[in-house]
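Engineer: Input: one structure, supplied below.
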């Protein structure tokens, strides 16, 4: 296995603009660390696939299988990316996640700190809302506080923390050693990567759980961007704008985003 190198895996399904911005941002801000990018396309059969086929610097894997749901497809695509990973570390990244900070790979990989028992570095849900509002929301979450006070059982792990596949780093050898799967548990209501993370913890591996504000120093996750900018979906757009639209629009209008959008040389 090649040392000091990382594979970044991005899954694409009909998201040309986001996938292009995601890949260009990786290339712009990752030049100081040896890496490769695997993109798994989930049978898009559209312009996004044609774009990916034009890129010579990525490894494109085209899946033709039809899955039960988008979640199954995403998990299975990450598993395929992992199976084709030959580097020490594996990074899962959503196509609507964009790097905006130089040295992000160095900084995040440094958390492994040569400790071979650390299996994962990641964070929970990345919020677009201001940090103060996120904090206020947490301290006024009386339902969660009441559940913890009463020590109510959580047999299905609904409330248990896990690192999201939005941007998580894994030690490849550990995932393969235990034959772990990102898609495992989808039939039981688990989101992608949730069961995998629990199995790492239950097998006594260490994980580094970063607060969302710290991960956001390196990447932005624009999960609601399509809703805000999809004018045809008026209700969905307004509902999302009320939640995080101003913050989202500020990011999308930022100089760093437009410098990536307008730099076609990042495709070469």
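The values are calculated or read from the model by the stated rules, or taken from the named source; none is laboratory data. Being a predicted model, the structure only gives us computed values, none of them experimental. Note that we place each Cβ from the backbone using ideal geometry, even for glycine, and neighbour counts take in every protein chain shown.
Engineer: Based on what the data block shows, is residue 63 surrounded by fewer than 16 Cβ atoms within 10 Å (Cβ to Cβ), at pLDDT 95 or above and touching a strand residue (DSSP E or B) at 6+ places or on another chain (Cβ under 9 Å)?
Structural biologist: Values: surrounded by fewer than 16 Cβ atoms within 10 Å (Cβ to Cβ): no; at pLDDT 95 or above: yes; touching a strand residue (DSSP E or B) at 6+ places or on another chain (Cβ under 9 Å): yes.
Criteria not met by residue 63.
Engineer: Hey, another quick one. Residue by residue through the stretch 34-72, note down the ones that are farther than 19 Å from residue 16 by Cβ and assigned to a helix (DSSP H, G or I).
Structural biologist: 71, 72
Engineer: Now, a different point. Within the stretch 181-205, track down each residue that is surrounded by fewer than 21 Cβ atoms within 10 Å (Cβ to Cβ) and under 24 Å from residue 86 (Cβ atoms).
Structural biologist: Hits for the stretch 181-205 are 181, 184, 199, 203, 205.
Engineer: Residue 223 is checked against (1) modelled with pLDDT under 75; (2) outside any loop (DSSP other than H, G, I, E, B); (3) within 24 Å of residue 67 (Cα to Cα) and fails just one. What number does that condition carry?
Structural biologist: Residue 223 satisfies all of (1) modelled with pLDDT under 75; (2) outside any loop (DSSP other than H, G, I, E, B); (3) within 24 Å of residue 67 (Cα to Cα) except (2).
Engineer: Moving to a separate point now. Hey, residue 75 hits all of (1) out of contact with any helix residue (DSSP H, G or I) (no Cβ under 7 Å at 6 or more places or on another chain); (2) surrounded by 17 or more Cβ atoms within 10 Å (Cβ to Cβ); (3) in a helix (DSSP H, G or I); (4) touching a residue at least 60 places away in the same chain (Cβ under 8 Å) but one; which does it fall short on?
Structural biologist: Going through (1) out of contact with any helix residue (DSSP H, G or I) (no Cβ under 7 Å at 6 or more places or on another chain); (2) surrounded by 17 or more Cβ atoms within 10 Å (Cβ to Cβ); (3) in a helix (DSSP H, G or I); (4) touching a residue at least 60 places away in the same chain (Cβ under 8 Å) one by one, residue 75 breaks only (1).
Engineer: Among (1) within 19 Å of residue 74 (Cβ to Cβ); (2) surrounded by fewer than 18 Cβ atoms within 10 Å (Cβ to Cβ); (3) in contact with a strand residue (DSSP E or B) (Cβ under 9 Å, 6 or more places away or on another chain), there is one condition residue 211 misses while meeting the rest; what is its number?
Structural biologist: (1)
Engineer: Regarding residue 49, is this residue within 18 Å of the chain's Cα centre (by Cα), buried (at least 17 other Cβ atoms within 10 Å of the Cβ), at pLDDT 95 or above and at negative phi? Show your work before the answer.
Structural biologist: On the way: within 18 Å of the chain's Cα centre (by Cα): no; buried (at least 17 other Cβ atoms within 10 Å of the Cβ): yes; at pLDDT 95 or above: yes; at negative phi: yes.
Considered against the rule, which asks whether it is within 18 Å of the chain's Cα centre (by Cα), buried (at least 17 other Cβ atoms within 10 Å of the Cβ), at pLDDT 95 or above and at negative phi, residue 49 comes out as no.
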